[in-house]
Amino acid sequence: MPQEEHTVTDLESNLRFAQAYWVARDTLLWRRAAEPTWRYVLHHARAGGLALAPEGVVGGATTPLAPKPTPAAAQARFPHLAQLPALHIDLAPEGLDAILGGEVCVAAYRPDGSLAEATALQIAGVLDDCYAYDGPLGIDWQGETPTLRVWAPTAQLVRLHLFADQRPETEASTLPMRRGDRGVWEIAGEPRWKGMYYLYEVSVFVRGTGAVELNLVTDPYSISLSMNSRRSQIVDLADAMHKPQGWNSMAKPPLANFTDSTIYELHVRDFSMCDPLVRPEYRGTYMAFTEGESFGMRHLRALAEAGLTHIHLLPVFDIASIEEDASKRAEPDPAYLAALPPDAQDQARLVVVHRERSGFNWGYDPYHYTTPEGSYATDPDGPRRIYEFRSMVQSLSESGLRVVMDVVYNHTDASGQHPKSVLDRIVPGYYHRLNKNGFVERSTCCQNTASEHAMMEKLIIDSVLTWARQYKVDGFRFDLMGHHMKANMVRLRAALDALTPERDGVDGRRIYLYGEGWDFGEVAGNSLGLNASQHNMGGTGIGSFNDRLRDAVRGGWPFDSGVDLIRAQGFATGLYTAPNGHNSGSDEERQRLLRYQDWICLGMAGNLARYPLATHDGSTRLGADVDYNGQPAGYTQAPHEQVIYVEAHDNQTLFDIIQYKAPGDLPMDERVRMQNLANAIVLLSQGVPFLHAGQDMLRSKSLDRNSYSSGDWFNRLDFTYTTNGWGGGIPPVEHPGDLILQQRLLADPALRPAPEHIAFTVGFARELLRIRASTPLLRLPDTAHILRMVRFHPCPEMPGLIVMSILDSADAPLDPRFALVVVAINAAPGALPLPPSTPQRGALRPHPIQRGSVDLRLRAIAQQGVVEHIPGRSAAVLVVER
């Protein structure tokens, strides 16, 4: 065969790319390593400077490599590389340290000595193999003396810069750090260091620049920071000064089973920025949650009294995008915005103008994972944020509410040599997931982390355990959980389960884990190993969001735009039962509705893969055999592995999606009933219900589908129940094709709800919470109970009607009051009869709470004695009392 012809110019880019993998002390993998007649060489230069010349790679030193069979261990550890041929390298430990601290590349030479190819190496595998470390990192206190440790196995030198205070003009004392085992650098401090600030000076080779860089960087394990994260701070989280009174003895609200949970997703700033009863200096901060008589806290207490158990906080770790110096922030005047027409674009224009100086962002741009965000503190400079975060948790606990953190370990805000890159400036190329050319993957939207690497997993687990132990956080929602590995989450679950009240101050078995189990990007289809996606997480006890039920209730999917926003109706938004101008009530729409009802029924039964569902076509299928767009609809093995929702911070609110999809002439009263119907499905299902803040008060974002940086205006909450956010102007434009449609809807005065509509929704949601909390049959603890007790009664001749029965065991009853509960949900506009297969039809009565319901249609059926029909757009809970 003729030899390939290459020139140095052709190969030049390969030293900037990293297309080979050093996966273990003695093993490299490379697609070009299979030629038996070629000579393979590792080139390495501690100071960098490798280059290509006509004779090959020049500069530095060389180590010979030899082809070998690919080890089974490497194939198992790196399934995406399993087909690559291997090269053997033989190095002593001290040689390995020296080589990995500089520039490395692998080259292949033909028999005539000419260079065939050369490329840099990805080295995360060998770092895990030789330097993975399971001891303490960050600040470790022994009595009053701190020791600081940082993992930097490829660093040539690490020094500590110690500052007496946080002021920018304060000069540092520079102190040497000692390299210990497994690439950990450490320094023993002195008691006087407490409260001082520090940075690490890391001398390390960076492939992206081709040189050894001197990086001055904060601690990845920071627990306190100066304003805008310029310096890490040496603090002891056990100090009494960082704890509100009563912190150590604080009792958590009881929680017997995860299925007793109901979650309310809330943004710290949304909660109080528009609350007139919160003192101005506390608005938008942790301390707003300590204002017991504010409208917001009254609302949360009322929800807790009704049965809500958890407040899920959008990101509250240190965020990269928010200016923490309040004097440098600027927001548009809300009074001026409120005076503008409801369909104007001026509101969005002003929000965008202020975006770079706004104090608002959802916060999905992590900077430091284990420090509370400073912009939510009354003083962002130093440890006040610690005290105030704990005060928030304490106040919520005293109000009967547990606290969930939204955590974003799947990416960082920056990588490389960016000033806000922390991990990558300490161990370049390790903490982030690299593509086949050695560049950082960005499928999450930002710089993807690589939790399949041992020290990234350790960082995640150490961080979560700190929040659990030191801040008494009761749950963690993992953003894009599917981008982590299943093994990461299972090991985290085990680490939490090991926490005990006696040793750790918390019961880790009561800490709930859940997340977004979406399967996409470079991890899709288990490409890098079993990822933490929906279909892999069954049996782990870790929850994932159920998009099947969500899509069926709302209609369409989250990324619809233009006319599809209208056309794609769902169960609660009028599919077939109330066709809008883009639908006709066709037989195809009827069949789609019945298929959606199967997804909803399965979700109401915990979305169990093993649940035998009586489907609309008369067959009985296991949940895993019910089709959801080519995937199994049922994927859980336990009910608490399902998070049931129809609205979250992402995408349009439920109220806004109803505005798009409902028939144009549908009165507001009926639109509100659509909202209540959807909320009822969530709160009456088996599993863990999840509500977005304001979903219980018709929250609107004025049709904004992605309000992550849309300011306080488009994200505001009104806990006085006077307004709901509708008609706040056309939102910042993401899809220009939606503009005319949005303008038409926002300009229609008939689409603005009145305070009585909001109050009705608030009251009905609390009724549903009370029903769920007081009725054990609606929160069955495990799969066995669901398989034994839950049945559905499909009636395809009455599209829009779902009837679920839960028959308690006669031998070992769970519910002391009710022998039978029937949930009947009618999405059709008119009344529909209960199906003939409904058990004990003649004995069913409305649930005691619904006998005095705020919903007059439900109150009316209580007057009838025997319930035979379910009113239009209603959710009835019927019971047989013992």
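Assorted remarks:
- Calculated accessible area for segment 20-130 comes out at 40 Å² per residue, all protein chains present (probe 1.4 Å; ligands, DNA, RNA ignored).
- For residue 661, net neighbour charge (Lys/Arg +1, Asp/Glu -1) across residues whose Cβ lies under 12 Å away: 0
- Each Lys and Arg adds +1 at its Cβ and each Asp and Glu adds -1 at its Cβ; summed about the Cα centre, the chain shows a dipole of about 1660 debye.
- Mean Cα-pair separation over length for the chain, i.e. relative contact order, pairs under 8 Å, 6 or more apart, %: 10
- Extension gain (nm, one decimal) between residue 251 and residue 502, 0.36 nm per residue minus Cα-Cα: 89.0 nm
- Spatially close lysines, pair count over the chain: Cα under 18 Å, gap of eight or more or interchain: 6
- Here residue 788 and residue 524 are evaluated by their C-beta separation; at R0 = 25 Å the FRET efficiency comes out at 0.10.
- Cα-based Rg of segment 90-174 normalised by 2.2 N^0.38 Å, two decimals: 1.68
- Cα→Cβ-extended label distance, 7 Å offset, between residue 88 and residue 58, nm: 3.3
- Judged by the mean number of other Cβ atoms found within 10 Å, the most tightly packed of the peptides 533-541, 865-873, 59-67, 798-806 leads the ranking 798-806, 533-541, 865-873, 59-67.
- Net +/- balance of residues flanking residue 296 in space, Cβ distance below 11 Å, scoring K and R +1, D and E -1: -2
- Spacing of the two label points (7 Å from each Cα toward its C-beta) at residue 561 and residue 188, in nm: 6.1
- With all protein chains in place and a 1.4 Å probe, the accessible surface of segment 595-717 carries 47 percent carbon and sulfur.
- Scaling against 2.2 N^0.38 Å puts the C-alpha radius of gyration of segment 575-684 at 1.17.
- As a fraction of the 1.4 Å probe accessible area of segment 118-263, surface on carbon and sulfur atoms comes out at 49 percent.
- Each of 200, 137, 122 was scored by the projection of its Cα onto the charge dipole of segment 108-262, and the greatest displacement toward the positive side belongs to 200; charges sit on the C-beta of Lys, Arg, Asp and Glu.
- In plain terms, the chain from residue 620 to residue 330 could stretch by 98.5 nm, reckoned as 0.36 nm per residue minus the Cα-Cα distance.
- Relative contact order of segment 20-130: 40 percent, from C-alpha pairs under 8 Å at least 6 residues apart in sequence.
- Ranked by the mean number of other Cβ atoms within 10 Å of their residues, highest first, the peptides 668-680, 551-563, 439-451 fall in the order 668-680, 439-451, 551-563.
- Calculated [θ] (222 nm, deg cm²/dmol) that DSSP helices of n ≥ 4 give over the chain, each run adding -39,500 (n - 2.57): -6500 deg cm²/dmol
- Spread of Cα-to-Cα distances over 10 Å intervals beginning at zero, given as percent, for segment 132-242: 14, 46, 32, 7, 1
- For segment 132-242, the solvent-accessible area works out to 41 Å² per residue, with a probe of 1.4 Å and every protein chain left in place.
- Lys/Arg +1, Asp/Glu -1 at C-beta; the chain dipole; positive extreme among 561, 666, 835: 835
- Full-extension gain in nm, residue 178 to residue 293, via 0.36 nm per residue minus C-alpha separation: 36.1 nm
- Normalised by 2.2 N^0.38 Å, where N is the number of residues, the alpha-carbon radius of gyration of the chain equals 1.02.
- Portion, in percent, of the accessible area of segment 754-816 that falls on carbon or sulfur, probe 1.4 Å: 60
- When the GluC sites (Glu not before Pro) in segment 171-244 are filtered for DSSP coil states and for at most 14 other beta-carbon atoms within 10 Å of their beta-carbon, the remaining sites are 171.
- Per-peptide packing, taken as the mean over residues of other Cβ atoms within 10 Å, places 765-773, 485-493, 105-113 in the sequence 765-773, 485-493, 105-113 from highest down.
- Between residue 627 and residue 357, the modelled labels are 5.7 nm apart [label points 7 Å from Cα along Cα→Cβ].
- Surrounding net charge for residue 735, when Lys and Arg each add one and Asp and Glu each subtract one, Cβ distance under 13 Å: -4
- Test item: Cα-centred dipole of segment 132-242, Lys/Arg +1 and Asp/Glu -1 on Cβ, debye: 300
- Rounded accessible area per residue of segment 297-408, 1.4 Å, Å²: 31
- Qualifying trypsin sites (Lys or Arg not before Pro) in segment 74-183, where qualification requires a DSSP coil assignment and no more than 11 other C-beta atoms within 10 Å, are lacking entirely.
- Calculated SAXS-style log₁₀ I(q)/I(0) at q = 0.12, 0.15, 0.19 Å⁻¹ - segment 20-130, Debye, Cα scatterers: -0.38, -0.59, -0.95
- Antiparallel bridge percentage (DSSP; both residues within the chain; nearest 5): 75
- Of 801, 534, 404, farthest towards positive along the dipole that unit charges on Lys, Arg, Asp, Glu beta carbons give the chain: 801
The values are calculated or read from the model by the stated rules, or taken from the named source; none is laboratory data. Since this is a predicted model, take the numbers as computed values, not measurements. In this analysis, Cβ positions are derived from the backbone assuming ideal geometry, glycine residues included, and neighbour counts consider all displayed protein chains. Side chains included, ligands, DNA and RNA excluded: accessible areas come from the protein's heavy atoms. Shrake-Rupley method; radii C 1.70, N 1.55, O 1.52, S 1.80 Å.
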